[in-house]
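Below is one structure, written out as structure tokens, with a few remarks after it.
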Amino acid sequence: MDKNKPVILLDPYPRTMDILFSKVNLKFLKNNFTLLKAPKSNKKNFYIKNLPNAQYIFGQPNLPTKLLKTQTKLKAIFNVESNFMDNMDYEYCFKNNIHVLATSPVFAQPVAEMALGLTLSIARSIHIAHNDFVEGKEKYGGEISQNNFLIKNKKIGLLGFGDLAKSLVPLLHPFTNNIMAYDPWVPDMEIKKNNVNPVSLNKLLSSSEIIYVLATITSSNQGMINHNVLKNIKDNTTFVLMSRAAIIDFDDFYKFLKNRKVFAAIDVFPIEPVPKSHKIRSLTNVIFSPHRAGALDSAFKEMGDIVLEDLKLINSGLPPRLCKKAIKETVRHLRSKPVDIN
């Protein structure tokens, strides 16, 4: 080990270093840092041995207080799974000036574009017409378009107003200026700055013609979208689920989709992979997307880019600027579930 080089512990699962970093970036890391790769098993011993000398971690390992207290040089933990989880002593990190960072901003634009694409497909039956054509039973002209609609001038509701919503709003404004949002963690002024109207949850659900669920999962909103909430949604509404499945009571959601005249697109599910026999697969008013909205190679490489840029800043004694920072007042309430597939 070169004692003159800062030590980085590499534990990026489910990502890999090759997925995250270009060849140029990998070469820079190898030339300027000592890279220690965590094993697939017995990680506890790896951290007991190496954490005291490490300045950085690429990954989201379990870091209880007792283990964290063995560190002497740690400057930053880069969570490359991208969701802050309830698996470390954040308070210790804040008190000891250890940055806890996530690469989630890179997913905002890809997810926003996918959300718009799914909405367009629902609006014009694009997916249905394609499948009909492949099967040789296509319907020409307006025969398939009886339930189609324009997005233009629709009332749109955004449940959650973080990075995803802020990337989606500019894509929606060419269609409509009638956009509302509900997010108890975001001040009304910030929502209004984006030409969006802050409203209550009930107002959003009862008034919107297209609803996007874009919120992160917290200790207070798990299962929040249940029967009592869903019943406020009007018939012919389009419901697009792009963020965390745990915000939805999926049993109630299934009944809602099965029994109501609504349309939906779903990119995230409570259990992934979704069981082959799951009843939700039988629904015909839903577009299914197997948790792939953000899964672009360009997004993964951008993760590596922003990690490297913030790493350079921190290593020079400056604060990080590109990754999302864990916030003391809110991170303890986040309840994200880790993913196992890129």
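The values are calculated or read from the model by the stated rules, or taken from the named source; none is laboratory data. Since this is a predicted model, take the numbers as computed values, not measurements. FYI the Cβ positions are ideal-geometry reconstructions off the backbone, even for glycines, and counts take in every protein chain you see. Calculation scope for accessible area: heavy atoms of the full protein, side chains included, ligands and nucleic acids excluded. Shrake-Rupley method; radii C 1.70, N 1.55, O 1.52, S 1.80 Å.
Just give me the residues in the stretch 14-41 being more than 29 Å from the chain's Cα centre (by Cα) and either aromatic (F, W, Y) or over 21 Å from M303 (Cβ atoms) (or both), in sequence order.
Of everything in the stretch 14-41, those that are more than 29 Å from the chain's Cα centre (by Cα) and either aromatic (F, W, Y) or over 21 Å from M303 (Cβ atoms) (or both) turn out to be F33, T34.
Quick one: count up the residues across the stretch 202-224 that are within 21 Å of the chain's Cα centre (by Cα) and at pLDDT 95 or above. Full working, then the answer.
Our first condition is that a residue be within 21 Å of the chain's Cα centre (by Cα); within the stretch 202-224, this holds for 210-224.
Pick out the ones that are also at pLDDT 95 or above and you get 210-214.
Selection size over the stretch 202-224: 5.
Step by step: first the residues of the stretch 35-71, then only those that are crowded, with 19+ Cβ neighbours inside 10 Å and touching a Lys or Arg at 6+ places or on another chain (Cβ under 8 Å), then the one that is farthest from I8 (Cα to Cα). Which residue is that?
P61
I'm trying to understand the selection: among the residues of the stretch 156-172, which are of a type outside the set (F, W, Y) and either part of a loop (DSSP other than H, G, I, E, B) or crowded, with 24+ Cβ neighbours inside 10 Å (or both)? Lay out the reasoning, then the answer.
Here is the first cut: in the stretch 156-172, the residues of a type outside the set (F, W, Y) are 156-160, 162-172.
Scanning the stretch 156-172 gives I156, G157, L158, L159, G160, G162, L164, A165, L168.
Between L296, L311, L241, which is hydrophobic (A, V, I, L, M, F, W, C), within 20 Å of A115 (Cα to Cα) and open to solvent by less than 20 Å² (accessible area, probe 1.4 Å)? Let's see the steps before the verdict.
Numbers: L296 fails: open to solvent by less than 20 Å² (accessible area, probe 1.4 Å); L311 fails: within 20 Å of A115 (Cα to Cα).
Just one listed residue meets the conditions, L241.
Which ranges mark the helices (runs of 4 or more DSSP H) fully within the stretch 173-288 that have 2 or more residues being touching a residue at least 40 places away in the same chain (Cβ under 8 Å)?
Because the criterion is at least 2 residues that are touching a residue at least 40 places away in the same chain (Cβ under 8 Å), the helices (runs of 4 or more DSSP H) in the stretch 173-288 that meet it are 201-207.
Can you tell me how many residues in the stretch 111-125 are open to solvent by 10 Å² or more (accessible area, probe 1.4 Å) and touching a residue at least 40 places away in the same chain (Cβ under 8 Å)?
7
Scan the stretch 94-109 residue by residue and report those that are open to solvent by 20 Å² or more (accessible area, probe 1.4 Å) and not in a loop (DSSP other than H, G, I, E, B).
So the first thing to find is which residues in the stretch 94-109 are open to solvent by 20 Å² or more (accessible area, probe 1.4 Å), and the list is 94-97, 99, 104-105, 107, 109.
Passing the criteria: F94, K95, H99, S104, P105, F107, Q109.
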